[in-house]
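Input: a single structure, listed below in structure tokens.
The values are calculated or read from the model by the stated rules, or taken from the named source; none is laboratory data. The structure displayed is predicted, hence computed values, not measured ones. A quick note on method: Cβ atoms are made from the backbone with ideal geometry, for glycine too, and the neighbour counts reach across all protein chains shown. Keep in mind that these areas ignore ligands, DNA and RNA; they rest on the heavy atoms of the full protein, side chains included. Shrake-Rupley method; radii C 1.70, N 1.55, O 1.52, S 1.80 Å.
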Amino acid sequence: MDKGKKASPEEEHPRKAFGWAARDSSGVLSPFTFSRRKNGDTDVTLRILYCGICHSDLHCIKNEWANTVYPVLPGHEIVGVITEVGSKANKFKVGDKAGVGCMVNSCRSCPSCKQELENYCGGLILTYNSVDTDGTMTYGGYSDMIVVHEHFVVRFPESMPLDKGAPLLCAGITVYSPMKYFGLSEPGKHLGVVGLGGLGHVAVKFGKAFGMKVTVISTSPSKQKEAMERLGADAFLVSRDSEQLKAATGTMDGIINTVSAVHEIAPLIDLLKPHGKMIMVGAPDKPLQLHVFPLIMGGRILAGSCIGGMKETQEMIDFAANHNVAADIELVGMDYVNKAMERLANGDVRYRFVIDVANTLIAA
């Protein structure tokens, strides 16, 4: 650094860290040395053991939402072991198993934060590709360690496997929160799940754990056996089969739509009962077309949902542990991450890649 030149915030951070990051919209990830802040009074430090690969990671590294700041180091399904605890932090002790999801800070004072809905805070700081309070960019879990305010860290129950539990920190809370908020967790109700990927397969598991009837709606007939025999769904609809959809018209109390690609939603709305609700949790990169008459004529609701607050995230992890809900994963090494991204883009994963960070991340 030139004499007299002020150090960048990244250079001022004292703790050296290592991970894999993308440098441009090609999305290619490669080794990246950076730094983390010191462990503050209310912080905890996590040695990262596992990190899930979310579809959001793929969107971000390729700048498909047009908001990526490079270099970007993704990963917001982070599980590890606490290695340091701040002097004023009291939720955790060294050695505890814990996780970090999609957010690492919020303003803590707005109406959303006061209602424990930090996920809807206007000052939300995301786990990666977000500007932190000190002006630096946040870096995610494709790395060896992370420092986070204790409020935004989730305790992992002993019965929850860390590798299969990691995806619940995004995929799990993303489907659990709207199911609870919109009353789609009541035993005996009929839930439709659109898309059987990382989010969808967890939604099926939560639906069954809640005691609901669950129907999977997919473009792929080949997924029927797996949906019903492996995941426990009660029924299966091929979304391209108009006769199947017609026969199911008006039968569902609610639908969790997990699809991240542009698709027709009008035929799906017709599956809802009067006053039924379809909740969008997938994030297509282009606008969807919507005719309002199916909503108006059925008094139906089309809504969106984004993860959940920290209290609810802990509740979700505890519920999952008590009901043996965990993600179906393929464990991969860090050197496989670019291939995993290619496969994810092609839908070739059952149902979540998880990086074995502790055993495969090797510093340059």
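Looking at the range 353-361, can you tell me whether even one residue there is at pLDDT below 95, open to solvent by less than 30 Å² (accessible area, probe 1.4 Å) and touching a strand residue (DSSP E or B) at 6+ places or on another chain (Cβ under 9 Å)? Within the range 353-361 (the criterion being at pLDDT below 95, open to solvent by less than 30 Å² (accessible area, probe 1.4 Å) and touching a strand residue (DSSP E or B) at 6+ places or on another chain (Cβ under 9 Å)), the answer is no, since none of the residues qualifies. Report whether or not Leu295 is under 24 Å from Ala203 (Cα atoms), in contact with a Leu (Cβ under 8 Å, 6 or more places away or on another chain), free of Cβ contacts under 8 Å to residues at least 60 places away in the same chain and crowded, with 19+ Cβ neighbours inside 10 Å. For Leu295, the condition - under 24 Å from Ala203 (Cα atoms), in contact with a Leu (Cβ under 8 Å, 6 or more places away or on another chain), free of Cβ contacts under 8 Å to residues at least 60 places away in the same chain and crowded, with 19+ Cβ neighbours inside 10 Å - is not met.
Residues are listed down the side, and each one gets a yes or a no for (1) farther than 30 Å from Pro157 by Cα; (2) out of contact with any strand residue (DSSP E or B) (no Cβ under 9 Å at 6 or more places or on another chain); (3) not polar (S, T, N, Q):
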site	(1), (2), (3)
Val28	yes, no, yes
Pro31	yes, no, yes
Arg36	no, no, yes
Asn39	no, no, no
Ile48	no, no, yes
Lys62	yes, no, yes
Trp65	yes, yes, yes
Val85	no, no, yes
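Contact annotation: residue pairs with Cβ atoms under 6 Å, 6 or more positions apart or on different chains, pairing a residue in the range 332-354 that is closer than 17 Å to Leu49 by Cβ with a partner that is crowded, with 20+ Cβ neighbours inside 10 Å and of a type in the set (Gly, Ala, Ser), are Val332/Ala340; Arg352/Gly52; Arg352/Gly198; Arg352/Ala327; Phe353/Ala340; Val354/Gly52; Val354/Ala166.
Checking each residue in the range 275-311 for being more than 30 Å from Ile125 (Cα to Cα) and either outside any loop (DSSP other than H, G, I, E, B) or modelled with pLDDT under 95 (or both) picks out His275, Gly276, Gln289, Leu290, His291, Val292, Phe293, Pro294, Leu295, Ile296, Met297, Gly298.
Considering only the range 68-75, I want to know if a residue exists there that is aromatic (Phe, Trp, Tyr) and within 22 Å of the chain's Cα centre (by Cα). Spell out how you get there, then give the answer.
First pass over the range 68-75, keeping only residues aromatic (Phe, Trp, Tyr): 70.
Of the ones still in play, those that are also within 22 Å of the chain's Cα centre (by Cα) are 70.
Checking the range 68-75: at least one residue is aromatic (Phe, Trp, Tyr) and within 22 Å of the chain's Cα centre (by Cα).
Taking the stated definitions as given, is Asn324 within 30 Å of Tyr142 (Cβ to Cβ), of a type outside the set (Ser, Thr, Tyr) and open to solvent by 60 Å² or more (accessible area, probe 1.4 Å)? Yes: the conditions hold for Asn324.
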